[in-house]
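What follows is a set of notes on a single structure, which appears directly below.
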Amino acid sequence: MLHVEKHYHGSMQATERLTLPFDLRQKSRLRCHLDSGEEVGLLLERGTVLRGGDLLQADDGRIIAVIAAPELLSVVASADALQLARAAYHLGNRHVALQIRAAALSFLHDHVLDDMLRGLGLAVRVETLPFEPEGGAYGRHEHAPHNAHVHSHAHDHADDHANDHEHAHGHHHHH
């Protein structure tokens, strides 16, 4: 099995491709297959999120291009920035991973969330596209400084996030 433990930032071209959906691109430890079918073990730094276009270097020196797999997404487009901001607020309140573009929001397809957005007066369409959601303001990214403040919190909701749960997240930092 081919082993991959690091990103590649040099000038060599990729000779292999690794196509993964977003949920697998968030795993730093993963056994998967290159597009060629060869088995590969990812052993990346914890917290690594792979993005489409990232390059990895295998233990044998090969360069692997990461491809964001097309996924079933719900897409909300509107020229009304206030309507989109309201949609983003409600989706964020449900901790939905969200891809934000100039006049559109995308998230992994969920008919309950689609219905909520339609109730807000927005049109929702379902498309199969690569998914590259926001990384979060406090998360560490390959493009962020390695000393960036890492901040996360989790909530266990068994209700598929279909409820209206208004709550605040107070955080106190002592430096």
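Read-outs throughout are calculated quantities, based only on the coordinates presented, and are distinct from any laboratory measurement. Note that the structure is a prediction, hence the values are computed from the model and not measured. Counting neighbours? That spans all protein chains shown, and the Cβs are built from the backbone with ideal geometry, glycine included.
Couple of notes before you dig in:
- Sequence ranges 41-48, 72-79, ranked by mean other-Cβ count within 10 angstrom, highest first: 72-79, 41-48
- Protection-proxy order for peptides 8-20, 58-70, 104-116, each taking the mean of Cβ atoms within 10 Å per residue, highest first: 104-116, 58-70, 8-20
- Charge tally in the Cβ shell below 11 Å around residue 22, where Lys, Arg are +1 and Asp, Glu are -1, residue 22 excluded: 0
- Each residue in 3, 33 was given a count of other beta-carbon atoms within 10 angstrom of its own, and listing them fewest first yields 3, 33.
- Dividing the Cα radius of gyration of segment 1-149 by 2.2 N^0.38 Å, with N the residue count, gives 1.18.
- If you sort the three axes of the alpha carbon gyration tensor as a ≥ b ≥ c, you get a/c under 1.5 for segment 70-130, which makes it rounded.
- Per-bin percent of Cα-Cα distances, segment 2-68 [10 Å]: 23, 64, 12
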